[in-house]
1. Identify the residue in the range 28-69 that is among the β-branched types (V, I, T) and over 16 Å from M104 (Cβ atoms) and, among all such residues, is modelled with the lowest pLDDT.
2. Of the conditions (1) assigned to a helix (DSSP H, G or I); (2) more than 13 Å from the chain's Cα centre (by Cα); (3) surrounded by 14 or more Cβ atoms within 10 Å (Cβ to Cβ), L33 clears all except one; give me its number.
3. Quick check: anything in the range 5-24 exposed (fewer than 13 other Cβ atoms within 10 Å of the Cβ) and not in a helix (DSSP H, G or I)?
4. Just to be sure I understand, how many residues within the range 82-93 are of a type outside the set (F, W, Y), without any contact (Cβ under 8 Å) to a residue 60 or more places away in the chain and not in a loop (DSSP other than H, G, I, E, B)?
5. Taking the range 80-102, which residues are small (G, A, S) and either under 14 Å from L20 (Cα atoms) or at pLDDT 95 or above (or both)?
Amino acid sequence: MNKLNTALFLARISYLAILLALVAGAMTGSWKLAVIGMIPLLLVYAGPIKGDTKGNQWAAFAVTPYFMYGVTEQVENLMVPGVEPSLMPLVYWLGGATLFIAAMMHSRWQAELDAAD
């Protein structure tokens, strides 16, 4: 498996992990908020799922609010006494960071490959 396919695989896995975390949030909380949270990810599905270069660039930037939310919630879980710990913030910030890096690397390596042809 070359680096281009590895980056796309990681982008797909982290994209789906964030979507599944939103679905799990809909099952336990507000489904309206989860649907609103899915809109940015569904708009950029062509990047991680289809492997589109421009779509991956957009996906990398569309995932930053999920990353920021995950980091702030994780800090709250660790620092504030009495807050019940949850794995969802970990999924958001790890998935967001992985998607950002993998999508940007896939876009870069695909552009280099296209320029060489």
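The values are calculated or read from the model by the stated rules, or taken from the named source; none is laboratory data. Because the structure is predicted, anything quoted here is derived from the model rather than measured. FYI the Cβ positions are ideal-geometry reconstructions off the backbone, even for glycines, and counts take in every protein chain you see.
1. For the range 28-69, the residue satisfying everything is T28.
2. In the conditions (1) assigned to a helix (DSSP H, G or I); (2) more than 13 Å from the chain's Cα centre (by Cα); (3) surrounded by 14 or more Cβ atoms within 10 Å (Cβ to Cβ), L33 misses (3) alone.
3. For the range 5-24, residues exposed (fewer than 13 other Cβ atoms within 10 Å of the Cβ) and not in a helix (DSSP H, G or I): absent.
4. Summing the residues that are of a type outside the set (F, W, Y), without any contact (Cβ under 8 Å) to a residue 60 or more places away in the chain and not in a loop (DSSP other than H, G, I, E, B) in the range 82-93 gives 2.
5. G95, G96, A97, A102
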